[in-house]
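Here the structure is laid out as structure tokens; the discussion comes afterwards.
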Amino acid sequence: MGTVCVKKQSPSKRLQPQIQIQSIKTQNTVPSASLNIENKHQKTQQPQQQTNVIQVKENSLRQQLLSEFTSPRTDINDRSIQSKSELTKVEPSKLSSLNQEADKNYFKSEHAPDQDLTVQVEEPKISNIKVFKTLNTLKPFRYDLEEDKKFNDCIKLPPQSFINTGIIYIGQWKNKQKQGRGRQYWSDGAYYEGYWQNHAANGFGRLIHPDGSYYEGNWIDDLQQGFGKYVDCEGNYYEGEWKDDEKHGQGFEYWISGDTYQGQYLGGLKNGIGIYTWSNGNRYEGTYVQDQIQGFGTYIWSDGQEYNGEWFQNQMHGKGTYKWTNGNKFVGNYKEDKKEGQGIFYFSDGRTLKGTWILGKQHGLGVLTELDAKEIIGIWDKGQLVSKQ
């Protein structure tokens with residue numbers, strides 16, 4: 001019976017199990033992206049690694065535009081100066097002094113951050129090339145007008161840089177905390193735009209990592225939670241449910257190799273019922289346990305061969321039925337991808353062979369039943385008939 005071998009791939013943050021089924025290589029990743037509000041953004045996503053390839057030897061066939069807020073500076077100038085025409089009458093030095101004085105008014109609000117925590121700066125430009133490229137491939141971030149109504153009592157501030165971390169935030173504030181719409185820049189190039197509550201990313205938002213990978217979806221207290229989509233820097237992606245920064249629940253995963261998986265996840269790993277389709281046409285439908293084919297499932301090879309039965313750690317293991325395209329069939333026990341123990345081999349011409357198999361080969365006493373019902377009892381040694389009774 002076929003042998004399953006696991007080929008090791010290059011290291012990554014989280015590698016999916018690699019099953020050698022018909023020399024196919026695919027990839028898999030687990031994104032995790034915490035915003036870590038006051039600390040330097042450190043989490044970067046690793047490219048998804050290839051997964052799940054099985055080789056069967058059962059027969060001879062081997063086969064972003066930045067969306068911007070209106071600068072509060074305009075509102076200040078409009079309030080401080082009666083009209084735009086009057087603005088031209090103010091001398092430069094006088095205007096500078098006027099703006100500085102107006103800026104201080106922001107910090108008189110009970111909603112503004114303490115002045116010993118942040119300092120006003122210019123809005124930074126995105127200098128990380130990978131982040132810039134990703135941003136420009138995406139549509140402008142869309143805010144929800146109904147959601148915005150929750151933040152009508154918030155104030156808007158010019159860009160604020162946190163003194164201890166250098167993180168720059170531009171958006172709405174309430175009770176000295178980030179609240180409502182907002183954008184945030186990290187020194188390593190990471191960039192977030194979306195909703196905030198209680199100083200943390202909450203609601204819908206988009207985070208682009210320094211390597212160009214990104215997550216867009218729901219957040220709860222700086223964690224990816226709810227429904228969202230993660231795309232790594234190579235183009236592989238996962239779209240589905242998340243919990244505590246991990247793939248969790250129902251989801252769909254796509255690799256640029258052409259492989260896909262649709263099914264259940266638990267703690268970032270394939271777990272439960274799922275369907276994995278390889279780019280070469282192979283397909284598995286059944287149960288997974290911690291990213292491995294385990295339990296009961298059906299594997300169909302692109303050439304038409306099929307195994308339906310029990311699996312353990314990516315191998316045919318337990319009771320199962322294997323069918324060949326020429327009509328032959330084996331029903332019996334498997335161990336580590338090989339026939340092991342009692343079983344019956346059904347020939348396409350109608351004959352049957354009942355006996356014991358060891359390491360994939362018939363061994364010991366067996367009974368061959370011919371088409372005329374005549375039984376031939378014999379002894380097999382490593383697949384060879386050595387004597388008849």
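Here, each number is a calculation from the coordinates, and none is a lab measurement. Just so it is clear, the model here is predicted, and its values are computed rather than measured. Reconstructed Cβ throughout: ideal geometry from the backbone, glycine too, with neighbour counts over all protein chains shown.
Using the structure shown, list the pairs from 149/243; 247/329; 139/247; 133/247 with a Cα-Cα distance above 30 Å, or answer none. Going by Cα-Cα distance, 247/329 fall outside the 30 Å limit.
Counting Lys +1, Arg +1, Asp -1, Glu -1, what net charge surrounds residue 216 among other residues with beta carbon under 11 Å of its beta carbon? Result for the local shell: +2. Put the Cα centre of segment 364-385 next to the Cα centre of segment 227-249 and the gap is 54 Å.
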